[in-house]
1. What is the P(r) of segment 41-136, as percent of Cα-Cα pairs per 5 Å bin from 0?
2. Which three semi-axes in whole Å describe the equivalent ellipsoid of segment 19-73, each the square root of 5 times a Cα gyration tensor eigenvalue, listed largest first?
3. Ala58 to Phe126: extension gain in nm, 0.36 nm per residue of separation minus the Cα-Cα distance?
4. How about segment 60-136: which trypsin sites (Lys or Arg not before Pro) there are in a DSSP loop, with at most 11 other Cβ atoms within 10 Å of their Cβ?
Amino acid sequence: MIARPPALTASLSRPSVPLPLRFFDCLLVVAFLPFALLAGLPVPGALAGAVVWLAARALGVLIDVLAARNPDPRVSTGMIFAGGMLRPLLVGLSILAIGRLGEREDGLTAALLVLVAFTIYLALSFILRPQRNPTP
């Protein structure tokens, strides 16, 4: 029988990851706003991008909580899938609306803010996701 090497990554569950680290992308978005104002970026675009990103993250957390409470795994999976499709659609439509209702620079600023926040969110989700330990 071949012995498997021990896992090199620690198994992290959601509650064991500190709250500020789980929502680091949201903290950076909020911390970026004063610097955006000082740098002369379009204020409506920066504020709208921050609101859109924070609302999308809150919607994701709400969907995850509701899916975890649902006893039927098919419904839970459907909720998570629908949320995974709905959130980017709403973010994209919001950015388009910001660019159409305001100046084009507002839409560009909102899009860049959301892009950077999503990149940080994606990287942290890969780093902090729970690792499955293989069973023999």
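Bear in mind that the values in this text are calculations on the coordinates, not laboratory data. Just so you know, these numbers come straight off a predicted model, no measurement behind them. As a convention, Cβ positions derive from the backbone with ideal geometry for all residues, glycine included, and neighbour counts pool all protein chains shown.
1. Reading the bins upward from 0: 2, 13, 18, 19, 17, 12, 9, 5, 3, 1, 1, 0.
2. Largest first, segment 19-73 gives 31, 12, 4 Å.
3. 22.6 nm
4. For trypsin sites (Lys or Arg not before Pro) across segment 60-136 that sit outside H, G, I, E and B with at most 11 neighbouring Cβ atoms in 10 Å, the list reads Arg132.
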